[in-house]
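What follows is one structure encoded as structure tokens, with my remarks underneath.
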Amino acid sequence: MAKKGLRSTAQRRLIVDTFFEGASHMTIEDLLTEVRVRDKGIGYATVYRTLKLLAECGVASERRFGDGLSRYELADDAKSHHDHLICVACGTIVEFEEPKIEALQDEIASRYGFHVTSHKHEMYGTCGDCQKKVS
Ligand SMILES: [Zn+2]
Ligand SMILES: [Zn+2]
């Protein structure tokens, strides 16, 4: 990270620590709210730039789940690979790991002569709680 010129100022360190300790799939606003609990002086731009740097370094992954917001989580290198179920009604994001899906994806890729370096598997719908609210 030092190579990428990430200045280890106290503010940046706090942002990085909060990102690692915090919930997965945080937006810039979510992380800003969290860091401001500990340091009111931190601005949106600093959080934005720090997250972008983490993403460039491969520490964080940026995800977009159809609501127009960028969400950040630890990259697969830092955390095991997982896929997502997204509730379009309340925004709940569930992570899952399914070896059968992973194996099947590899099988499909090799069928087409692809060497897969990464993939995203996202399923959109309504979660159990939201289904109960409608009925
Ligand atoms: Zn829901
Ligand atoms: Zn995730």
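The values are calculated or read from the model by the stated rules, or taken from the named source; none is laboratory data. Please read all numbers here as calculations on a predicted model, not as lab measurements. Neighbour counts run over all protein chains shown; Cβ positions are idealised from the backbone, glycine included.
Here is how the numbers come out for the structure above:
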{"quantity": "Members of the range 56-71 that are free of Cβ contacts under 8 Å to residues at least 40 places away in the same chain and among the acidic types (Asp, Glu)", "calculated": "Glu62, Asp67"}
{"quantity": "Some residue of the range 119-129 being among the small types (Gly, Ala, Ser), away from ligand 2 (no atom under 16 Å from the Cβ), outside the structural domain of Thr9 (by TED's automatic domain parsing) and exposed (fewer than 14 other Cβ atoms within 10 Å of the Cβ)", "calculated": "yes"}
{"quantity": "Residues located in the range 72-94, provided they are without any contact (Cβ under 8 Å) to a residue 24 or more places away in the chain and more than 9 Å from ligand 2 (Cβ to nearest atom)", "calculated": "Ala75, Asp77, Ala78, Ser80, His81"}
